[in-house]
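Asks: Below is one structure. I have some questions about it.
The values are calculated or read from the model by the stated rules, or taken from the named source; none is laboratory data. Quick caveat: nothing in here was measured; it's all calculated off a predicted structure. Glycine gets a Cβ as well: all are built from the backbone with ideal geometry, and neighbour counts include every protein chain shown.
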Amino acid sequence: MADWNSKQYLLFANERTQPAIDLANRIQGISPRRIIDIGCGPGNSTAVLAKRFPDASILGIDQSEAMIAAAKADYPELDFVVCDAEVDLPTLGGGFDIVFSNACIQWIPNHPKLLRDMAALLEPGGILAVQTPMNDKEPIHRIIQEVTASEKWRPYISEPRIFYNLQQEEYFDLLAEITPQFTLWETVYFHKMKSHEAIMEWYRGTGLRPYLNALPEEKKPEFEQEILERVIESYPVQQNGEIIFRFPRFFFMANKL
């Protein structure tokens, strides 16, 4: 699998970082000594944590070597290592006061195991804080799923992207098994896009990435054009010329007793 493109991802840095800010600001009543940022990407969420908790030692981890390289370059004062959260969390030894993850777990399978592994990293009294996108019912995802499943593109894209997120009620039950002290909420962000092409730029950094990686270079423009035409049909332009790009995100926090 091709590695992540940190520059593409950060084209919408403010919009991608805001949920991390909102989640970090919900963490109250704790003076953490050690924090881990799971799926730190290019370090923007780790920088949020460093600003929110300036006295803490913070470690950012990500499976992508490109993302970790970008994080180290942009935030040399912080610590980052390549680490696969699917398999390597138990090797980290624990001792963290906050286990934080922003827009990462949707890429990782087996969330019952993942949440237990994340909670196991916490010290007693520590806080698990997670945000994951839940926008699979939005038009952009329906469009991508329908186009990639068509006869035209199926020969090139044999394995559609898997959404590893569970239902919200399932997260409730999983968290209840870990601790009686947890909370869940959802926020729908209304991003203001300058054009339909801007929506395409957003998704080139995330949701379209696996499909573009699977296509021959000469087929990518045709594929993107077909997606774009349907995006134009599905997202109306507002009176000022901008486009509302709704983006639901699901949050949960849990206290380890």
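Asks: Hey, does segment 184-192 have a residue that's within 30 Å of residue 113 (Cα to Cα), surrounded by fewer than 17 Cβ atoms within 10 Å (Cβ to Cβ), hydroxyl-bearing (Ser, Thr, Tyr) and within 23 Å of the chain's Cα centre (by Cα)?
Replies: Yes: segment 184-192 contains one or more residues that are within 30 Å of residue 113 (Cα to Cα), surrounded by fewer than 17 Cβ atoms within 10 Å (Cβ to Cβ), hydroxyl-bearing (Ser, Thr, Tyr) and within 23 Å of the chain's Cα centre (by Cα).
Asks: Only one of (1) of a type outside the set (S, T, N, Q); (2) within 24 Å of residue 67 (Cα to Cα); (3) touching a helix residue (DSSP H, G or I) at 6+ places or on another chain (Cβ under 7 Å); (4) outside any helix (DSSP H, G or I) is not met by residue 184, so which one is it?
Replies: Just one mismatch for residue 184, condition (2).
Asks: Going by the structure shown, is residue 180 loosely packed, with under 13 Cβ neighbours inside 10 Å, under 30 Å from residue 98 (Cβ atoms) and in contact (Cβ under 8 Å) with a residue 40 or more places away in the chain?
Replies: It is true that residue 180 is loosely packed, with under 13 Cβ neighbours inside 10 Å, under 30 Å from residue 98 (Cβ atoms) and in contact (Cβ under 8 Å) with a residue 40 or more places away in the chain.
Asks: Next up: Collect the residues in segment 23-47 that are over 15 Å from the mean Cα position of the chain (by Cα) and not charged (D, E, K, R), keeping them in residue-number order.
Replies: 25, 27, 28, 29, 30, 31, 32, 35, 36, 47 - these are the residues of segment 23-47 that are over 15 Å from the mean Cα position of the chain (by Cα) and not charged (D, E, K, R).
Asks: Among the residues in segment 28-43, are any surrounded by fewer than 21 Cβ atoms within 10 Å (Cβ to Cβ) and part of a helix (DSSP H, G or I)?
Replies: Among the residues of segment 28-43, not one is surrounded by fewer than 21 Cβ atoms within 10 Å (Cβ to Cβ) and part of a helix (DSSP H, G or I), which makes the answer no.
Asks: Condition test on residue 16, is it out of contact with any Lys or Arg (no Cβ under 7 Å at 6 or more places or on another chain), among the basic types (Lys, Arg) and modelled with pLDDT under 95?
Replies: Answer is yes for this residue.
Asks: Give just the number: which of (1) surrounded by fewer than 22 Cβ atoms within 10 Å (Cβ to Cβ); (2) free of Cβ contacts under 8 Å to residues at least 60 places away in the same chain; (3) in contact with a helix residue (DSSP H, G or I) (Cβ under 7 Å, 6 or more places away or on another chain) does residue 58 not satisfy?
Replies: (1)
Asks: When the residues of segment 215-257 are narrowed to those that are hydrophobic (A, V, I, L, M, F, W, C) and modelled with pLDDT under 95, which ends up farthest from residue 140 (Cα to Cα)?
Replies: Only one residue fits best here, namely 257.
Asks: Here are some residues: 39, 60. Which one is under 21 Å from residue 187 (Cα atoms), in contact with a Phe, Trp or Tyr (Cβ under 8 Å, 6 or more places away or on another chain) and not charged (D, E, K, R)?
Replies: Only one candidate passes the filter, namely 39.
Asks: Do the conditions hold for residue 134, that is, is it under 20 Å from residue 49 (Cβ atoms), of a type in the set (A, V, I, L, M) and within 18 Å of the chain's Cα centre (by Cα)?
Replies: The answer is no for residue 134.
Asks: Would you confirm, using the coordinates I've provided, whether residue 138 is crowded, with 17+ Cβ neighbours inside 10 Å and on the phi < 0 side of the Ramachandran plot?
Replies: yes
Asks: I've got another one for you. Checking residue 19 against (1) surrounded by 23 or more Cβ atoms within 10 Å (Cβ to Cβ); (2) assigned to a helix (DSSP H, G or I), which single condition isn't satisfied?
Replies: Result: residue 19 passes all but (1).
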